[in-house]
Amino acid sequence: MKVFYKNKSLQESLTNLKRSASIGFIPTMGALHKGHLSLIKKASTENKIIVVSIFVNPTQFDKKEDLINYPKTLENDLALLRTVNCDIVFAPTVDEIYNGNAIASHFDFDGLEFQMEGKHRKGHFDGVGTIVKRFFEIVKPHKAYFGEKDFQQLQIIKKLVDKHNIPVQIIGCKIFREDDGLAMSSRNVRLTKVQRKEAPFIHKTLKKAKEKFKEYSISEIVKWVENEFEKNDVLNLEYFEISNIKNLKSAKRKSKKAIYRGFIAVFAGNIRLIDNIALN
Ligand code: PAF
């Protein structure tokens, strides 16, 4: 496994590879867990060369405190990557990527960026679009892998490559969960014992909402989820929405043809957890 910190040396190494070697790319912000490893595993069945980036992208954080508290564990991450099928790690500094000017470009994602996470984290998807586009330009992967836990991000990245004609195939991968159902996230390590014990309540509630989707109206299910969280002393609901996966707009009533998912964001103290579930 080779580790690069500079764009130039990474690009030189990638150019020296056979042109026919397909490159699978997994962009991450580090603090790697089994969910990331499952993306790498899937990528290695479909590509010859696996590239993983580790970069805590400052321009996608709407709160300075969240950026400061985001876990940074490069040495552990590299040790973990050495145990799996990873050929190349790219771990640049902020300056290497942003050249002293860590500002996001502005993107039009046809309105996907204004829903849910975009509503609650201003500028977040401009930051994500900026860094993912930059990485695609540097790495030039054939396929790139993203988890469905960040389902809105996945849809936005598909829109990004479509609108900017970037020649990469975007592969969405199923949410990887702990045994008790909690969606794997780099933020989970920050949970206190009490918060960690309570956190599976998020997925449990989503599963019940899915059951209710067969019988109840959207507004009844949303109200029910809100009530469930009102009774919970540890977790604070930021939003629960049922959205059509095409435009990610919060749906008011069900249409037979549409595909819906339930999306949730919850605070455990100041740690923000998101999750989602397919409803039909
Ligand atoms: O999902 C993430 O970890 C980040 O948003 C990504 C895609 C690596 C961009 O910084």
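The values are calculated or read from the model by the stated rules, or taken from the named source; none is laboratory data. Owing to the predicted nature of the structure, the values given are computational and were not obtained by experimental measurement. Glycine also receives a Cβ, built like all others from the backbone with ideal geometry; neighbour counts cover every protein chain displayed.
Among the numbered criteria (1) surrounded by fewer than 17 Cβ atoms within 10 Å (Cβ to Cβ); (2) under 27 Å from LEU32 (Cα atoms); (3) in contact (Cβ under 8 Å) with a residue 24 or more places away in the chain, which single criterion is violated by SER217?
Checking SER217 against (1) surrounded by fewer than 17 Cβ atoms within 10 Å (Cβ to Cβ); (2) under 27 Å from LEU32 (Cα atoms); (3) in contact (Cβ under 8 Å) with a residue 24 or more places away in the chain, the one that fails is (2).
Condition first: of a type in the set (A, V, I, L, M, F, W, C) and within 19 Å of ASN232 (Cα to Cα). Now tell me which residues in the stretch 174-221 satisfy that. I'd like the intermediate steps shown before the answer.
Here is the first cut: in the stretch 174-221, the ones of a type in the set (A, V, I, L, M, F, W, C) are 175-176, 182-184, 189, 191, 194, 199, 201-202, 206, 209, 213, 218, 221.
Listed by number, the residues that qualify are LEU182, ALA183, LEU191, VAL194, ALA199, PHE201, ILE202, LEU206, ALA209, ILE221.
Could you list, in sequence order, all residues of the stretch 252-267 that are hydroxyl-bearing (Ser, Thr, Tyr) and either in contact with a His (Cβ under 9 Å, 6 or more places away or on another chain) or surrounded by 14 or more Cβ atoms within 10 Å (Cβ to Cβ) (or both)?
Looking only at the stretch 252-267, we keep the residues that are hydroxyl-bearing (Ser, Thr, Tyr), and these are 255, 260.
Passing the criteria: only TYR260.
Which one is nearest to the ligand (Cβ to nearest atom), of the residues in the stretch 75-91 that are in a helix (DSSP H, G or I) and loosely packed, with under 15 Cβ neighbours inside 10 Å? Before the answer, list the steps.
As a first pass, look at the stretch 75-91 and keep what is in a helix (DSSP H, G or I): 75-82.
Going one step further and asking which of them are loosely packed, with under 15 Cβ neighbours inside 10 Å, we end up with 75-76, 79, 82.
Working: GLU75: 19, ASN76: 16, ALA79: 19, ARG82: 20 Å.
So, considering only residues that are in a helix (DSSP H, G or I) and loosely packed, with under 15 Cβ neighbours inside 10 Å, the one nearest to the ligand (Cβ to nearest atom) is ASN76.
Looking only at the stretch 156-170, filter to residues that are surrounded by 18 or more Cβ atoms within 10 Å (Cβ to Cβ) and in contact (Cβ under 8 Å) with a residue 40 or more places away in the chain; which one of those is nearest to the chain's Cα centre (by Cα)?
Here the residue is ILE156.
For the stretch 186-280, which fully contained helices (runs of 4 or more DSSP H) count at least 2 residues that are touching a Ser or Thr at 6+ places or on another chain (Cβ under 7 Å)? Explain how you work it out, then say what you get.
On the way: elements: 193-198, 201-213, 218-230.
By residue number, 218-230.
Restricting to helices (runs of 4 or more DSSP H) lying wholly in the stretch 111-183: which have 3 or more residues that are at pLDDT 95 or above and within 13 Å of the ligand (Cβ to nearest atom)? Walk me through it before giving the result.
Numbers: elements: 116-120, 124-139, 151-163.
Correct list: 124-139, 151-163.
Taking the condition surrounded by fewer than 16 Cβ atoms within 10 Å (Cβ to Cβ) and within 19 Å of the chain's Cα centre (by Cα), does LYS246 pass?
Details: surrounded by fewer than 16 Cβ atoms within 10 Å (Cβ to Cβ): yes; within 19 Å of the chain's Cα centre (by Cα): yes.
Considered against the rule, which asks whether it is surrounded by fewer than 16 Cβ atoms within 10 Å (Cβ to Cβ) and within 19 Å of the chain's Cα centre (by Cα), LYS246 comes out as yes.
Could you pull out the residue among ILE26, ILE50 that is within 14 Å of the ligand (Cβ to nearest atom), buried (at least 17 other Cβ atoms within 10 Å of the Cβ) and under 20 Å from the mean Cα position of the chain (by Cα)?
Numbers: ILE50 fails: within 14 Å of the ligand (Cβ to nearest atom).
One residue alone meets the criteria, ILE26.
For the stretch 17-63, what are the residues that are within 27 Å of PHE107 (Cα to Cα), in a helix (DSSP H, G or I) and touching a strand residue (DSSP E or B) at 6+ places or on another chain (Cβ under 9 Å)? Walk me through how you get there before you give the answer.
Step one: filter the stretch 17-63 for residues within 27 Å of PHE107 (Cα to Cα), giving 23-30, 36, 39, 51-63.
Going one step further and asking which of them are in a helix (DSSP H, G or I), we end up with 36, 39, 58-60.
Across the stretch 17-63, the qualifying residues are HIS36, LEU39.
Counting only residues that are surrounded by 14 or more Cβ atoms within 10 Å (Cβ to Cβ) and among the aromatic types (Phe, Trp, Tyr), which one in the stretch 104-137 is nearest to the chain's Cα centre (by Cα)?
PHE125
Does SER13 satisfy the condition of being modelled with pLDDT of 95 or more and either assigned to a helix (DSSP H, G or I) or over 22 Å from ALA183 (Cα atoms) (or both)? Even if it seems obvious, please write down each step before you answer.
Details: modelled with pLDDT of 95 or more: no; either assigned to a helix (DSSP H, G or I) or over 22 Å from ALA183 (Cα atoms) (or both): yes.
No: the conditions fail for SER13.
Listed residues LYS72, LYS2, LYS42, LYS6; which is within 16 Å of the ligand (Cβ to nearest atom), touching a residue at least 24 places away in the same chain (Cβ under 8 Å) and surrounded by fewer than 17 Cβ atoms within 10 Å (Cβ to Cβ)?
Values: LYS2 fails: within 16 Å of the ligand (Cβ to nearest atom); LYS42 fails: surrounded by fewer than 17 Cβ atoms within 10 Å (Cβ to Cβ); LYS6 fails: within 16 Å of the ligand (Cβ to nearest atom).
The conditions single out LYS72.
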